[in-house]
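What follows is one structure encoded as structure tokens, with my remarks underneath.
Every number here is computed from the coordinates shown, using simple stated rules; none is lab data. Fair warning: this is a prediction, and the values are worked out from it, not measured in the lab. We place every Cβ from the backbone using ideal geometry, glycine too, and count neighbours over all the protein chains shown.
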Amino acid sequence: MGLSLQDQLLKAGIADKKQAKKANQEKRVKRKKNKGKKATAEVNQTRQDQLAQAKRSRELNLRSNREKEKQEKLAQVKQLIEENRLDLSKYEDPYYFKVGKKIKKLYVNDEMTRKLGRGQLAIVTLNSVYEIVPAKVARQIADRDPDSLVVLHKPEEE
């Protein structure tokens, strides 16, 4: 293994032991004086980078979790509607209802019309298709996705 520059200078006689000792002393003082300054700045920067990365990760996870939750709720709404919808294919009496500024209609019978008016049945939507479901199911749907509920009259007090 080669000698250090200081040892080479001593061996060649260019520098003496007193100069070498003084250079070592100055080096130690300088190192001690700068101790923590450079390292602290680097550590602080590294720590800030880690905190920023952790914050971004948390935000992405939160956004991802919200999206998953939303998808799960929509799947539950779809399942509730498909399992509880009433068959409207055989009825001929129109029932008109308002959606935003438009008037829509579904074909129902007289009994359904009365139940819709009393709040025992409700109209819900999924993917622009309107269905009639029992009021209890409509409330469950409204809890999961309020935008899916189109018409649910309040029950009359008797």
Completion exercise
As straight-line cross-link partners of K102, the qualifying lysines (C-alpha separation under 24 Å, not fewer than 8 residues apart within one chain) are K78, K115, K154
Handout entry: Cα-only radius of gyration and Dmax that characterise the chain, units Å
Key = 38.9, 117
Practice task
Could you please state, rounded to a whole Å, how far the C-alpha centre of region 16-75 is from the C-alpha centre of region 123-145?
Solution key: 52
Practice task
Quick one: among K105, K115, K32, which has the greatest mean-square fluctuation in a GNM of the chain with alpha-carbon springs under 10 angstrom?
Solution key: K32
Handout entry: Within a Gaussian network of the chain (alpha carbon springs, distance under 10 Å), most fluctuating of A142, A54, A122
Key = A54
Practice task
Take E42, project a point 7 Å from its Cα along the Cβ direction, then tell me which residues of region 1-31 have their backbone nitrogen under 20 Å from it.
Solution key: 27-31
Practice task
List, in the order given, every pair from K73/K136; K30/K55; K35/K55 whose Cα-Cα distance in the structure shown is over 28 Å.
Solution key: K30/K55; K35/K55
Practice task
Under a 10 Å cutoff between Cα atoms, tell me which one of K22, K98, K70 has the largest fluctuation in the Gaussian network model of the chain.
Solution key: K22
Practice task
Report the calculated FRET efficiency for V129 and N65 (r = Cβ-Cβ distance, R0 = 30 Å), to the nearest 0.05.
Solution key: 0.55
